[in-house]
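S.K.: Mind looking over this structure? Questions follow.
The values are calculated or read from the model by the stated rules, or taken from the named source; none is laboratory data. Just so it is clear, the model here is predicted, and its values are computed rather than measured. All Cβ positions, even for glycine, are placed from backbone atoms using ideal geometry, and neighbour counts span all protein chains on display.
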């Protein structure tokens, strides 16, 4: 069975993966549009990316604390850990890349601004919709 501390490390790693998907996804979309990479216009990828980014922006706008942050905090508390001092090296390393000491308004503005950027990107570099498959032309059948 996994300990709460190990699960908290997994949650913070998942949180970091979420961050990489949102930031890296936008970077790849912009770069891919310039370099004509067709895969960056995939409908599912673009829709998931847009939802992931807008979810964070809306949470920031309404003042809701990220569920992954809440879950990690709960697991660390359950494990008897102090958030910044008694966690594993990996947990501290990932947290140092995720969390910065800036005022809350800064992050709210950042998340909303990034959400707007992704929304504008979605409109200006739209995903491709799947086209219905065309029926292949039937071959002329000749009778002998």
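S.K.: For segment 60-92, what are the residues that are under 19 Å from residue 3 (Cα atoms), surrounded by fewer than 14 Cβ atoms within 10 Å (Cβ to Cβ) and within 20 Å of the chain's Cα centre (by Cα)? Break it down into steps so the answer makes sense when it comes.
M.R.: The first filter runs over segment 60-92 and keeps only residues under 19 Å from residue 3 (Cα atoms), leaving 68-92.
Next cut, surrounded by fewer than 14 Cβ atoms within 10 Å (Cβ to Cβ) only: 70, 77-78, 80, 82, 84-86, 89-90.
Matches in segment 60-92: 70 only.
S.K.: Applying the selection to segment 74-96, what residues are assigned to a helix (DSSP H, G or I) and without any contact (Cβ under 8 Å) to a residue 24 or more places away in the chain?
M.R.: Residues satisfying the conditions are 74, 77, 89, 92, 93, 96.
S.K.: What tally of residues in segment 98-127 results from selecting those that are closer than 28 Å to residue 44 by Cα and touching a helix residue (DSSP H, G or I) at 6+ places or on another chain (Cβ under 9 Å)? Steps first, please.
M.R.: Initial filter on segment 98-127 (closer than 28 Å to residue 44 by Cα): 98, 107-127.
So of that shortlist, the ones also touching a helix residue (DSSP H, G or I) at 6+ places or on another chain (Cβ under 9 Å) come out as 98, 107-119, 121-122, 124-127.
Result for segment 98-127: 20.
S.K.: Testing residue 14 on (1) closer than 15 Å to residue 91 by Cα; (2) surrounded by fewer than 17 Cβ atoms within 10 Å (Cβ to Cβ); (3) modelled with pLDDT under 95, one condition comes back false. Which one is that?
M.R.: The single condition residue 14 does not satisfy is (3).
S.K.: Please verify whether residue 19 is within 15 Å of residue 99 (Cβ to Cβ) and either at pLDDT 95 or above or part of a helix (DSSP H, G or I) (or both), treating the condition exactly as stated.
M.R.: Yes; evaluated as a whole, the condition is true for this residue.
S.K.: Report whether or not residue 53 is more than 24 Å from residue 120 (Cβ to Cβ), surrounded by 16 or more Cβ atoms within 10 Å (Cβ to Cβ), modelled with pLDDT of 90 or more and out of contact with any strand residue (DSSP E or B) (no Cβ under 9 Å at 6 or more places or on another chain).
M.R.: no
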